[in-house]
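See below for the structure under consideration.
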Amino acid sequence: MFKHQVIAISLAICALIATPVLADGTQFSGQATGVNATVLGLAPILISDTGPLPPEGGQFEKSLLSENVPGVLTAEVFHSSTVGQGNRSRSEASVANLDLTVGGNTIGADFLMARATAVCNSNGSSSVSGGSEIAALMINGQTIVISGQPNQTIDNLPLGTQVIINEQKGNSGDITVNALHVIVPGVADVIVASAHADVQCKEKPICDSATDFVTGGGWILNNGSKANFAVAGGIKNGFWGHLQYNDHGNGLKVKGTGVTAYGIVDATTRHIEGTCEINGASGSYKVDVSDITEPGKDADSFSITLSNGYFAGKKLDGGNIQLHQPCR
């Protein structure tokens with residue numbers, strides 16, 4: 001059990017409240033989206049979208065426990081966040097248990113995540129990094145081996161369909177990563193798990209260590225079954241964040257309804273508390289997350305305790321936890 005400092009709303013939290021300021025001219029851009037799709041005959045589909053960061057930066061998040069677009073897709077545990085502060089912009093999006101049908105193609109994946117970062121260097125130049133993670137991708141019943149390289153392409157599919165895996169585009173200060181991009185000419189254009197980050201640099205960004213946020217998406221194995229999570233926490237004019245959780249072993253589903261506490265356990269670990277619905281009934285949660293390295297598989301950790309006595313926690317079997325501190 002972690003010993004932690006929980007920051008209650010009644011305490012003096014002025015030093016930790018994140019008020020976006022233009023960092024000595026540094027300008028940010030960022031956005032994260034679970035699904036962005038156009039399909040012939042349907043209205044545009046936009047799921048779990050943070051919207052764009054303003055030039056002065058900030059912290060946006062979005063999440064959803066599940067979504068169903070009849071005849072097109074089902075998916076669960078959406079997580080999207082974008083944070084622009086200090087000398088960098090970071091965005092991430094994750095989706096679990098995707099089942100997509102477009103242009104006569106069936107595409108499924110247990111988990112998809114995209115991450116993008118744009119950083120101002122000490123000399124005023126910029127650099128970018130990013131990548132994606134996809135677990136158990138299948139196209140038309142065939143298992144797809146993920147190369148890990150940017151822009152892996154699968155062709156020779158019905159109706160001229162093209163699937164791009166780990167799509168990356170941008171320049172030294174701008175990057176967009178799409179975990180999965182499905183194009184059916186004249187029929188559909190579907191992007192799943194998209195992260196964009198952009199920064200325009202000045203030599204002396206504001207590195208206010210008081211602003212502290214944590215975000216993440218992924219899964220752990222609990223009693224041999226996957227438990228997917230989407231989490232975010234911090235303080236932004238009050239407590240900020242979300243929680244979505246689905247334990248496929250016992251059918252337990254948790255939908256966060258509010259964040260009530262955020263605490264610093266140690267240099268890598270944060271504690272979040274909040275209210276939630278547990279299989280539709282009112283309850284509360286306590287979550288501890290640790291950001292050890294990137295990516296987080298087998299290193300970062302997630303644990304959850306619910307008011308009904310449920311507990312699960314361990315190092316991640318997939319996904320990532322990201323601690324956001326200015327200039328780090």
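T293 fulfils the conditions (1) touching a strand residue (DSSP E or B) at 6+ places or on another chain (Cβ under 8 Å); (2) at pLDDT below 95 except for a single criterion, (1). Against the conditions (1) over 19 Å from F213 (Cα atoms); (2) modelled with pLDDT under 95; (3) assigned to a strand (DSSP E or B), S122 satisfies every one except (3). The residues on offer are N97, N105, N87, and the sole one that is modelled with pLDDT under 95 and either of a type in the set (S, T, N, Q) or more than 26 Å from L157 (Cβ to Cβ) (or both) is N87. Could you give every pair whose Cβ atoms fall below 6 Å, whose first residue belongs to the range 217-238 and is touching a residue at least 24 places away in the same chain (Cβ under 8 Å), and whose second residue is among the acidic types (D, E), counting only separations of at least 6 or pairs across chains? Short answer, once both residue conditions are applied: W219/D317; I220/D317; L221/D317; N222/D247; A227/D247; A232/E61.
Can you confirm whether the range 133-141 contains a residue that is part of a strand (DSSP E or B), among the hydrophobic types (A, V, I, L, M, F, W, C) and within 16 Å of the chain's Cα centre (by Cα)? Looking through the range 133-141, at least one residue is part of a strand (DSSP E or B), among the hydrophobic types (A, V, I, L, M, F, W, C) and within 16 Å of the chain's Cα centre (by Cα).
Taken together, the residues in the range 232-261 that are closer than 20 Å to G309 by Cβ and either touching a Gly at 6+ places or on another chain (Cβ under 6 Å) or of a type in the set (D, E) (or both) amount to 4. Within the range 156-166, can one find any residue that is under 16 Å from the mean Cα position of the chain (by Cα), within 26 Å of G218 (Cα to Cα), crowded, with 17+ Cβ neighbours inside 10 Å and assigned by TED's automatic domain parsing to the domain that holds T33? Among the residues of the range 156-166, at least one is under 16 Å from the mean Cα position of the chain (by Cα), within 26 Å of G218 (Cα to Cα), crowded, with 17+ Cβ neighbours inside 10 Å and assigned by TED's automatic domain parsing to the domain that holds T33, which makes the answer yes. I'd like the full set of residues that are over 23 Å from the mean Cα position of the chain (by Cα) and part of a strand (DSSP E or B), limited to the range 104-119. Residues satisfying the conditions are N105, T106.
Here V254 fulfils each of the conditions (1) surrounded by fewer than 21 Cβ atoms within 10 Å (Cβ to Cβ); (2) touching an Asp or Glu at 6+ places or on another chain (Cβ under 8 Å); (3) within 26 Å of N97 (Cβ to Cβ); (4) not basic (K, R) apart from (1). For I235, state whether it is modelled with pLDDT under 95 and hydrophobic (A, V, I, L, M, F, W, C). So I235 fits the description; yes. Out of all the residues in the range 195-211, is one or more surrounded by fewer than 22 Cβ atoms within 10 Å (Cβ to Cβ), part of a strand (DSSP E or B) and more than 17 Å from the chain's Cα centre (by Cα)? There is at least one residue in the range 195-211 that is surrounded by fewer than 22 Cβ atoms within 10 Å (Cβ to Cβ), part of a strand (DSSP E or B) and more than 17 Å from the chain's Cα centre (by Cα). Within the range 302-324, the residues that satisfy the criterion of being over 15 Å from the mean Cα position of the chain (by Cα) and either assigned by TED's automatic domain parsing to the domain that holds G131 or within 26 Å of T257 (Cβ to Cβ) (or both) are S303, I304, T305, L306, S307, N308, G309, Y310, F311, A312, G313, K314. Being among the β-branched types (V, I, T), touching a Lys or Arg at 6+ places or on another chain (Cβ under 8 Å) and at negative phi is a description that does not apply to V182.
Of all residues in the range 99-128, those satisfying the criterion of being out of contact with any helix residue (DSSP H, G or I) (no Cβ under 9 Å at 6 or more places or on another chain) and surrounded by fewer than 14 Cβ atoms within 10 Å (Cβ to Cβ) are T106, N121, S122, N123, G124, S125.
Within the range 199-213, the set of residues being farther than 20 Å from S126 by Cα and either among the basic types (K, R) or modelled with pLDDT under 70 (or both) comprises S209, A210.
Does S48 meet the test of being touching a strand residue (DSSP E or B) at 6+ places or on another chain (Cβ under 8 Å), touching a residue at least 60 places away in the same chain (Cβ under 8 Å), within 17 Å of A114 (Cβ to Cβ) and of a type in the set (G, A, S)? It is false that S48 is touching a strand residue (DSSP E or B) at 6+ places or on another chain (Cβ under 8 Å), touching a residue at least 60 places away in the same chain (Cβ under 8 Å), within 17 Å of A114 (Cβ to Cβ) and of a type in the set (G, A, S).
Contact map, the range 249-272: residues that are at pLDDT 95 or above paired with residues that are β-branched (V, I, T) and outside any strand (DSSP E or B), Cβ distance under 7 Å, separation 6+ or inter-chain. Pairs shown: T268/I292; H271/V265.
The values are calculated or read from the model by the stated rules, or taken from the named source; none is laboratory data. In this text, all values refer to a predicted model and were calculated from it rather than measured experimentally. Note: ideal-geometry Cβ built from the backbone for every residue, glycine included; neighbour counts use all protein chains shown.
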